[in-house]
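The values are calculated or read from the model by the stated rules, or taken from the named source; none is laboratory data. The shown structure was predicted, so the numbers you read here are calculated from the model rather than taken from an experiment. So basically every Cβ, Gly included, is an ideal-geometry build from the backbone, and we count neighbours across all protein chains shown. Heads up: the accessible areas ignore ligands, DNA and RNA and are worked out on the full protein's heavy atoms, side chains in. Shrake-Rupley method; radii C 1.70, N 1.55, O 1.52, S 1.80 Å.
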Amino acid sequence: MTVERSVEERYAQARERYAAMGVDTDRALRTLEATALSLQCWQGDDVVGFETKAGALSTGGIQVTGGFPGRARTIAELQGDLQKAFSLIPGRHRLNLHAMYGDFGGKAVDRDGILPEHYAGWIQWATQQGVCIDFNATCFAHPKADSGFTLSSKDPAVRKFWIDHVQRCRSISAYLGRTQGNPCIHDLWIPDGSKDLTVSRWEHRLLLKTALDEIYSTRFDPAEMKDAVESKLFGIGSESFVVGSHEFYLGYAIANRLMLCIDMGHFHPSESVADKVSSILHYSDELLLHVSRGVRWDSDHVVILDDDVRALMQEIVRGDLLSRVHLALDYFDASINRVGAWIIGARATLKALLIALLEPLEKIRAAEAEGNNFARLALLEEAKTLPSGAVWDFHCAQSGVPPGERWINEVMEYQRQVQTRRR
Ligand code: RNT
Ligand code: ZN
């Protein structure tokens, strides 16, 4: 039997099995197909970017570990790598660009001087690929972030510099959104915080709030761009104090009608990020998610199909909230093939979503409504071993992407032909 045939036959069987559980697999696949992930450009080059003289990343409280050969060093290489990744991920996805990835033509353009034209090449490429772009201000890896404070710095000149940068980033996002005819999501994460005990926490937060008020006083058409603010718990070198904490940004986002960005690595390891979804969305229209995997700390490991990601997708689907969340990937692993890392994380996230979409929710809800909590738990357990893999393989095949593990060889071939030649 050919692989294609067996994929179809296994799907037909799975479809029947799911139907018996009250689940329409075709419908689940239509929803999956229509869901886009925003792929982080920074996984391709270890968060280096294309500025002529960028500062060291470690000043930003984030760290990339590993030295696997083949890092993308130019825009063309990064685009090539992204194309390879996109070709092995079923569905149509987005590109998440950081400001430091502009096309500066070899010139020194400081962060407060960036313009839409520096991203014209990206939007041209993305349009050809049928991909939409999201955007991020880059408030780290820069001498003016060395003190550990940017928008909440006590130095007015430093604050002004970063306010200008973020304002430019928001205008660039609007330009991107306008050009692509689809809202560009602008996420703001700043590294501000300190290693040791800080007594002016109130002052820094007041400074941040005032800076944000200035930044967001300019409103853009949500058809062009949407704003998100990303909280954090701690970072390397900001272990004792992070200005933009969860409470700070949750309050700010709700009070100012912005989106909150929840990064899965930015909470206490025992805290359920999934559980936040059905709370926050009562007070906010939309939510941005940075799907990530912290191992002991916010280590930005490659996303895998683990309990956390599954629970997150379940919460979204169970609350019928998919149309109100934006899914972005956020990790950077330099210890394995970087293109492979993109694909593993994207496929894992999509699989988790598919599994959530295939949950026999009606049956489980009926048990819950009857107060039959035994049946509810038993059904949740049975659901775990339903044949979701067969549905996934079928989806891949339908989308023109190799089902199962066959894509691994394609990455190995790309590594041989393209990546290892970059020396
Ligand atoms: C850092 C945040 C942020 C970054 C990117 C590169 O802890 O998660 O989202 O990962 O801006
Ligand atoms: Zn993040």
For this session: Starting from the Cα of Arg17, step 7 Å along the direction of its Cβ; do the same at Ala157; then give the gap between the two resulting points in nm.
Result: 6.7 nm
Exercise. At what distance in angstrom do the alpha carbon centres of region 127-184 and region 216-244 lie from each other?
Worked result: 11 Å
Problem set entry | Surface per residue (accessible, 1.4 Å probe) for the chain, Å² | 44 Å²
Exercise. What is the percent of Cα-Cα separations in region 2-69 that go past 14 Å?
Worked result: 76 percent
Problem set entry | Whole-angstrom gap from region 325-393 to region 1-70, using each part's C-alpha centre | 13 Å
Seminar exercise, completed: Residue separation between Glu370 and Gln128 times 0.36 nm, minus their alpha-carbon distance, gives in nm 81.8 nm
Exercise. Per residue and in Å³, how big is the convex hull formed by the alpha-carbon atoms of region 329-416?
Worked result: 118 Å³
Exercise. Given the pairs Lys84/Lys384; Lys154/Lys209; Lys209/Lys232, which span a C-alpha to C-alpha distance of over 22 angstrom in this model?
Worked result: Lys84/Lys384
For this session: Counting helices only, and only those DSSP H runs with n ≥ 4, report the 222 nm mean residue ellipticity of the chain as the sum of -39,500 (n - 2.57) divided by its residues, in deg cm²/dmol to the nearest 500.
Result: -13500 deg cm²/dmol
Exercise. Pairing the Cα long axis of helix 120-129 with the longest principal axis of the chain, what angle in degrees results, from 0 to 90 and rounded to the nearest 10?
Worked result: 10 degrees
Problem set entry | Cβ-derived FRET efficiency at R0 45 Å, Asn182 paired with Leu380, nearest 0.05 | 0.80
For this session: Report, to the nearest 10°, how far helix 307-318 tilts away from the longest principal axis of the Cα atoms in the chain, using its own Cα long axis and a range of 0 to 90°.
Result: 80 degrees
Exercise. For Lys107, which lysines qualify as cross-link partners when the Cα separation must be under 21 Å and same-chain residues fewer than eight apart are set aside?
Worked result: Lys53, Lys144
Exercise. What is the antiparallel percent of DSSP beta bridges lying wholly in the chain, to the nearest 5?
Worked result: 15 percent
Problem set entry | Net charge contributed by nearby residues that have their C-beta within less than 14 Å of Glu16 (K/R +1, D/E -1) | -1
For this session: Work out how much length Ser279 to Arg5 would gain on full extension: take 0.36 nm times their residue separation and subtract the Cα-Cα distance, in nm to one decimal.
Result: 94.2 nm
Seminar exercise, completed: Rounded to one decimal in nm, the spacing of the 7 Å Cα→Cβ label points at Val199 and Glu33 is 6.4 nm
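To the nearest 0.05, what FRET efficiency results for Leu115 and Arg73 with a Förster distance of 22 Å applied to their C-beta separation?
Numbers: r = 23 Å, r/R0 = 1.06.
In this case the efficiency is close to 0.40.
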Seminar exercise, completed: Placing each pseudo-label 7 Å from Cα in the direction of the beta carbon, Asp164 and Arg406 end up separated by a distance in nanometres of 5.4 nm
Exercise. What share of Cα pairs, in percent, lie more than 38 angstrom apart in the chain?
Worked result: 21 percent
Problem set entry | Fluctuation leader among Ser272, Ser173, Ser231 - the chain, Gaussian network, Cα springs under 10 angstrom | Ser272
